[in-house]
Amino acid sequence: MPVSDSADPGDASVAPGDRPDDATDALPINELFYSLQGEGRLAGVPSVFVRTSGCNLRCWFCDSYHTSWEPTHAWLDVDDIVAEVESYDAADHVVLTGGEPMIHDASVALLEALDDRGYHTTVETNGTIVRDAPIDLASVSPKLASSTPTPDRAPDGADAGPWAERHERDRIDLDALAGLVDAYEFQLKFVVSDADDMPEIREVLADLRDAAAVPIRDDDVLLMPEGATRERLAETRTRVADLAMEHGFRYTPRLHVDLWNDAPET
Ligand SMILES: C[S@@+](CC[C@H](N)C(=O)[O-])C[C@H]1O[C@@H](n2cnc3c(N)ncnc32)[C@H](O)[C@@H]1O
Ligand SMILES: Nc1nc2[nH]cc(C(=O)O)c2c(=O)[nH]1
Ligand code: SF4
Ligand SMILES: [Mg+2]
């Protein structure tokens, strides 16, 4: 279901002005669709994707530009989202993603409603916000320095502007990361462009192992090649696979890019 219509000015969240007054349990939804989980330890599992709009970060490479740099969405009540999810009869997994789904209070109500109906829930999150919700897999993708937008490195036509500083300030929050790994089944999914990313991954991991109460195994750590197109993935995936073997971490493909070139609703 394509549901993007109203445009926003592109601040951290979505513009409050276009939110219906009675929308206590509503979410700004950019798209809702049925596909295969393309990433991580559940890659290949048929899943319904609920993509919220609005993000507190601005990765230069964001493959969901219309939820971050230029957010678009329609406001949907949680009940209506659940009904749409239920219309995909074959699915028993739901992936809540964005944008950053954890910036929205109503994500908790949605996850509770999905849990009540027996769905397995994955939340795709940048790991900067912790909420208490029924999450079966916290798919945490901490953002490295190489994700920070700069005047030379921003999506086409976008102005990194104040986001360079803000993204850099907010992208790693060790307390939030520790809160997530302590509370939920988790995977840590790092977007990797090249070998220069590895020292920071090892540093974040060492700090997180100190901060967390639970063990973080090397196979909880996934290296995902940076690339929103087949062409770009062809440049990154083999070197990222080699890095996974060299460091003893897990590699994750991006099946939806291989299969559908990351077209909308895939
Ligand atoms: C669009 S984000 C939404 C969830 C959350 N904001 C986050 O970043 O984890 C979904 C996933 O796509 C990854 N991602 C975004 N752009 C990418 C790109 N160009 N190449 C590889 N992974 C990318 C993110 O790191 C995250 O794991
Ligand atoms: N097929 C498919 N799998 C995905 N796994 C995580 C995604 C996301 O954008 O969060 C995603 C996505 O956009 N499509
Ligand atoms: S944190 Fe996620 S949604 Fe936000 S800009 Fe980065 S990849 Fe895009
Ligand atoms: Mg995606």
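Filter region 38-62 down to residues that are within 13 Å of ligand 1 (Cβ to nearest atom) and touching a helix residue (DSSP H, G or I) at 6+ places or on another chain (Cβ under 8 Å), then give me how many there are.
15
Restricting to region 138-162, what's the tally of residues that are open to solvent by less than 80 Å² (accessible area, probe 1.4 Å), away from ligand 1 (no atom under 14 Å from the Cβ) and of a type outside the set (Gly, Ala, Ser)?
1
I need the full set of residues from region 49-88 which are under 14 Å from residue 31 (Cβ atoms) and within 14 Å of ligand 4 (Cβ to nearest atom), in order please.
Hits for region 49-88 are 49, 50, 51, 52, 53, 63, 64, 65, 66, 67, 68.
Can you find, within region 28-51, the residue that is least open to solvent (accessible area, probe 1.4 Å) among those that are within 26 Å of residue 144 (Cα to Cα) and assigned to a strand (DSSP E or B)?
Across region 28-51, the extreme among qualifying residues is 50.
Within region 220-253, track down each residue that is crowded, with 19+ Cβ neighbours inside 10 Å, aliphatic (A, V, I, L, M) and without any contact (Cβ under 8 Å) to a residue 60 or more places away in the chain.
Matches in region 220-253: 221, 223, 233, 240, 243, 244.
Does any residue in region 30-48 that is within 10 Å of ligand 2 (Cβ to nearest atom) come within less than 6 Å, Cβ to Cβ, of a residue that is acidic (Asp, Glu) six or more places away or on a different chain, and which pairs are these?
Close Cβ pairs satisfying both conditions: 31/265; 33/265.
The values are calculated or read from the model by the stated rules, or taken from the named source; none is laboratory data. Keep in mind that what you see is a predicted model, and the values were worked out from it rather than measured. Backbone-built Cβ (ideal geometry, glycine too); neighbour counts: all protein chains shown. SASA here: full protein model, heavy atoms, side chains in, ligands and nucleic acids out. Shrake-Rupley method; radii C 1.70, N 1.55, O 1.52, S 1.80 Å.
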